Amino acid sequence: MSNDQVKKQIDQLTDKLNDYAHQYYVLDQPVVSDAEYDHLLRELNELEVKYPDLKREDSPSERVGGETLDHFSKVQHEVPMLSLSNAFDAQELHDFDRRVQQGLGHKASYSCELKIDGLAVTLKYQNGRFVQGATRGDGTTGEDITSNLKTIATIPLKLRESVTIDVRGEAFMPKSSFNRLNKAKEAKEEALFANPRNAAAGSLRQLDPKIAAKRQLDIFIYSVGQLEEKVLDSHHESLQYVSELGFKINDQAKHCENIEEVVEYCEGWLEKRANLPYEIDGIVIKVDRLEDQKRLGFTAKNPRWATAFKFPAEEVITTLRDIVLSVGRTGVVTPTAILDPVTVAGTTVQRASLHNEDIIRQQDVKIGDKLTIKKAGDVIPKVVNVLVDRRTGEEKDFHMPTECPECKSELVRIEGEVALRCVNPKCPAQIREGLIHFVSRNAMNIDGLGEAVITQLFEHELVEDVADLYRLEREELMKLERMGEKSVDNLLKAIEVTKTNSLEKLLFGLGIRFVGAKAAKTLAMNFEKMKSLQNATIEQLEAVDEIGTKMADAIATYFDKQEVQMLLEELENLGVNMIYTGPKLQATENLDTVFAGKTIVLTGSMEEMSRKEAKEKIEALGGKVTGSVTAKTDILIAGERAGSKLKKAIELEIDVWDEARLITELG
Ligand code: IVH
C-alpha cells in the first residue's frame with residue numbers, strides 16, 4: 001500500500017470509529033455491534049503502530065490515556081467560571097424572578113436544567129480540535145487536565161464544524177460506574193469513595209490518565225464560554241448548537257415561559273431524581289435570552305441571570321459525643337460538636353459548628369444528646385434539633401470557658417456581639433489561622449500550603465507572620481517531617497509565584513475586618529497601589545461605591561497600626577507585588593460628557609422614551625443609573641407624576657432635571 005492509501009484508510013477508519021462512538025456514547029443509539037467496533041479499532045491500531053506519523057490527533061486510541069504527568073499546569077480562564085446563587089424554595093424562586101424582571105424591566109423566560117453533581121470543566125477547541133481542558137479551580141485559574149479529559153468518550157476530540165469555541169460542562173461519574181468502582185475497591189480492601197462527585201473529582205485529578213480512562217466518566221455540556229463568529233440568541237439555542245457540534249447535552253432541559261412553570265419543573269424533580277442514572281443536587285435556572293443575560297450581568301461571585309434551586313437537605317440522627325473549642329483568625333472562640341460519624345447527603349460527618357453559647361442555650365444542647373443534623377446548602381453540617389424525648393438523664397450541660405483555650409488570656413464578650421473573643425494579638429491560634437487565611441484560595445492562593453503544612457511551619461517556629469513565608473529556606477524545610485526534596489522545591493516555587501499576585505489577593509489575605517474578597521477587589525481597582533490605599537482618608541474610602549462607613553473605619557484603623565506598616569514594608573522588600581494588575585476600572589470620568597462619572601436616578605413616567613432607553617443612553621455617556629436617591633446621587637431626572645424620590649432629592653438639594661432637559665443634554 002502507498003503512503004497515500006494508508007493515510008486514506010487511517011482517515012476513513014478514524015472518522016467511522018468516531019462516528020460510531022458518537023452514536024453510542026453521546027446519542028445512546030448504537031449503530032454497530034461491540035464486536036464490529038472492536039474489530040475496526042484493532043485494524044486502526046495496527047496501522048497506527050506501523051505508521052505513527054499518519055495517526056490523527058482525534059484518533060480513538062488517544063482515549064486510553066497518555067503519559068503520566070508530574071504536575072498539572074495552571075490555566076487562566078479568559079471568562080471566569082463563577083458559581084451560582086441558591087434558591088431553596090418556591091418563594092426564593094419567585095424572588096429571583098422579581099429581581100430579574102426588575103433588572104430587565106420586562107418578563108423573562110427561563111431555561112431549566114438538572115444540576116449535575118460532578119465537577120465543572122471548561123473545554124477549549126481551536127478550529128474544531130480539542131486543545132485544552134481545565135478544572136474550575138478558584139474560578140479564575142484552574143488546572144490543565146486535558147489528558148484526563150481526553151479519556152472521556154463523550155468529549156469529542158474533533159467537532160463537526162471547524163469552529164473555535166470554549167464550552168463548559170459538568171464531568172461526572174454515573175451511579176453504575178460509581179457502584180462498580182467502590183465494589184472493586186471493597187474487594188481490594190481499599191478506602192471507598194464517599195460519593196460519585198468525589199470519585200469523579202478524584203479520577204480527574206490523577207496525574208496518570210490511564211486511571212481516569214478506567215473510571216467510565218461522562219460529561220454534559222451546559223454552556224458556551226466563548227465563541228467566535230457566531231451569533232446565538234438564546235441559551236436553549238446554544239445548547240442545540242453545541243449538540244450539533246457533537247457534544248453531549250442533557251435531554252431533560254426544559255424551556256419555561258414563566259416562573260410558575262419553573263417551580264413546577266423543580267418540584268417535579270424532587271421525587272424523580274432518585275430514578276436518574278446519575279446524581280443531581282438541584283436544578284439550574286437560567287434566563288434564556290442571551291441579550292437579557294448580558295444586561296443582567298454579574299455580581300462578584302454569581303451571574304444575576306441564573307440561580308440554582310437546591311433540593312431540601314436530608315436529615316439524619318446521631319449522638320453528640322463532645323463539644324470542643326477553636327480560636328479563629330479574629331479571636332472568636334467557636335464551639336464545635338463532635339458527633340458519632342454518620343452519612344449525610346453522601347459524605348461522612350463527624351463535626352458541626354455550634355456557633356456560640358447563645359445557640360447552645362437556645363437549642364438546649366447537652367453532651368450525650370441525640371440530635372438531628374443536615375447539611376445546609378448540602379455542604380456545611382448543621383444541628384437541626386435536639387431529640388429531648390430520647391434523653392436518658394446522663395446528658396451533661398456545657399459551659400463556655402472564661403479563658404482562651406490556646407493562650408489562656410481572658411475571653412471578652414464585645415458589646416452587641418454574641419461571640420466570645422480572645423483579644424490577645426499574640427495568641428498563637430489567631431496567628432496560625434491568619435496564616436491559613438493568607439495562603440487560601442481567594443487570598444494569595446499558595447499551592448500545597450494548606451492547614452497541615454502551615455501548622456507544621458508554625459510549630460517549628462519557621463513562620464510567625466505572613467512575611468516569614470517569603471523568607472523560608474530550602475534547608476530548613478528539608479528538616480521537616482514528610483517533606484521530600486520535590487515537595488520542598490514545589491512549595492518554594494508555589495510561594496515565589498504568588499509574589500506577582502495582583503493587589504486584591506494580598507489585600508484580602510491580610511484579613512482586614514469586614515474586607516471580603518469582593519471588597520478587596522473593589523479597593524484594589526479603585527486605589528491601584530497599596531500605598532494609595534494606606535494613605536486614603538475615611539472620606540476617600542467612603543467615596544468608593546460599595547464601601548460603607550463601617551468598612552472605611554476598619555480599613556483606616558488597620559493601616560494606622562505601626563506593625564501593619566512595618567509588615568507591608570517587609571513584604572514589599574521581599575518582592576511581593578503591591579499593585580493592582582487586573583482589568584482597569586472603566587474610566588467613565590474621562591468621557592467628556594455632562595453624565596460622565598455622575599450618579600443619576602430616573603423617576604416618574606417619560607413621554608419621549610422609556611426609562612430603559614434613557615438608562616442605556618445615560619450609561620453609554622458614562623453616567624451610572626441607580627434606583628434610589630441618596631447623598632451620592634448627582635442628578636434626579638423627574639418625569640410626570642414623580643413622587644417620593646423627587647421630594648427626597650429636593651430635601652437633599654440634588655440637581656433635578658425634567659425630561660426635556662434630559663433630551664437636550666443627551667443630544
Ligand atoms: S451553569 C455561571 N448548568 O453547578 C455558572 N451549572 O454553582 C454557570 N452545574 O460548579 C453554571 N449542572 O459546574 C450550570 N446544568 C448546569 C449545571 C451546572 C451542574 C454546576 C457547575 C457549577 C455549579 C454552579
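Every number in this text was worked out from the coordinates using simple rules, so none of it is lab data. Note that this is a predicted model, so its numbers are computed, not measured. Positions of Cβ are generated from backbone atoms using ideal geometry, with glycine treated the same way; all protein chains shown enter the neighbour counts.
Using the count of nearby Cβ atoms within 10 Å as a rough guide to exposure, how do GLU461, GLU260 rank from fewest to most?
In order of increasing Cβ crowding within 10 Å: GLU461, GLU260.
Relative contact order of the chain: what whole-number percent is it, with Cα pairs under 8 angstrom and at least 6 residues apart?
It comes to 9 percent, rounded to a whole number.
Name the long-range amide H neighbours of SER326: under 5 Å, sequence gap of 5 or more, or other chain; modelled H, no Pro or chain starts.
For SER326, the qualifying residues are THR334, THR336.
Apply the Karplus parameterisation 6.51 cos²θ - 1.76 cosθ + 1.60, with θ equal to phi minus 60°, to every residue of the range 273-286 and state each ³J(HN,Hα) to the nearest whole Hz, in sequence, with x for glycine and proline.
Computed from phi, the couplings for the range 273-286 are 4, 4, 8, 6, x, 9, 8, 10, 10, x, 10, 9, 10, 10 Hz.
For PHE309, PHE96, PHE514, which order do you get if you count the other beta carbons within 10 Å of each Cβ and list the fewest first?
Ranked by crowding around the Cβ, least crowded first: PHE514, PHE96, PHE309.
Of the peptides 282-288, 81-87, 331-337, how do they stack up when ordered by the mean number of other Cβ atoms within 10 Å, highest first?
The most tightly packed comes first, giving 282-288, 331-337, 81-87.
Which of the lysines could a cross-linker span from LYS426 if the Cα-Cα distance has to be under 20 Å and same-chain partners fewer than 8 positions apart are dropped?
List returned: LYS408, LYS561.
Please give the net charge around ILE338, taking every other residue with its beta carbon less than 10 angstrom from that of ILE338, where Lys and Arg add +1 and Asp and Glu add -1.
0
Grab the Cα-Cα distance for LYS479 and ASP634, subtract it from 0.36 nm times how many residues apart they are, and report the gain in nm with one decimal.
Fully extending the segment from LYS479 to ASP634 adds 49.6 nm.
Using the Kirkwood formula on the Cα atoms of the range 211-344, what hydrodynamic radius do you get, in angstrom to one decimal?
19.1
When only DSSP loop residues count, what GluC sites (Glu not before Pro) in the range 164-197 have their Cβ near at most 15 other Cβ atoms within 10 Å?
Those satisfying the criteria are GLU189, GLU190.
Within the set of other residues whose C-beta is less than 11 Å from the C-beta of GLY137, count the net charge using Lys and Arg as +1 and Asp and Glu as -1.
Result for the local shell: -1.
List the lysines whose Cα sits under 17 Å from the Cα of LYS214, skipping any in the same chain fewer than 8 residues away.
Candidates past the 8-residue exclusion: LYS150, LYS175, LYS183, LYS185, LYS188.
Would you mind estimating how fast the chain diffuses translationally, via Stokes-Einstein at 4 °C and 1.567 mPa s with the Kirkwood radius over Cα pairs, in µm²/s?
Roughly 44 µm²/s, to the nearest whole number.
Given points 7 Å out from each Cα along the Cα-Cβ axis, report the ASN258 to ARG160 separation in nanometres with one decimal.
Label at ASN258, label at ARG160, 3.6 nm between them.
For the chain, what does the helix formula give at 222 nm: sum of -39500 (n - 2.57) over DSSP H segments with n ≥ 4, over the residue count, nearest 500 deg cm²/dmol?
-10500 deg cm²/dmol
Run down the lysines and flag those whose C-alpha is under 24 Å from the C-alpha of LYS479, throwing out any fewer than 8 positions away in its chain.
Here the lysines satisfying the reach criterion relative to LYS479 are LYS493.
Counting Lys and Arg as +1 and Asp and Glu as -1, what is the net charge of the other residues whose Cβ lies under 11 Å from the Cβ of GLY246?
Summing Lys/Arg as +1 and Asp/Glu as -1 gives -1.
Counting only C-alpha contacts under 8 Å and six or more residues apart, can you give the relative contact order of the range 520-568 as a whole percent?
28
Using DSSP to call loops (not H, G, I, E or B), can you name the trypsin sites (Lys or Arg not before Pro) in the range 478-575 whose Cβ has at most 11 other Cβ atoms within 10 angstrom?
LYS479, ARG482, LYS561
If you keep only loop residues by DSSP, which GluC sites (Glu not before Pro) in the range 109-166 have at most 14 other Cβ atoms within 10 Å of their Cβ?
When the GluC sites (Glu not before Pro) of the range 109-166 are filtered for loop state and at most 14 Cβ neighbours within 10 Å, GLU161 remain.
Kindly put THR630, THR348 in sequence by how many other C-beta atoms sit within 10 Å of each C-beta, fewest to most.
THR348, THR630
If one computes the Cα centroid of the range 54-111 and of the range 322-346, what distance in Å separates the two points?
Taking the Cα centre of the range 322-346 as reference, the centre of the range 54-111 is 32 Å away.
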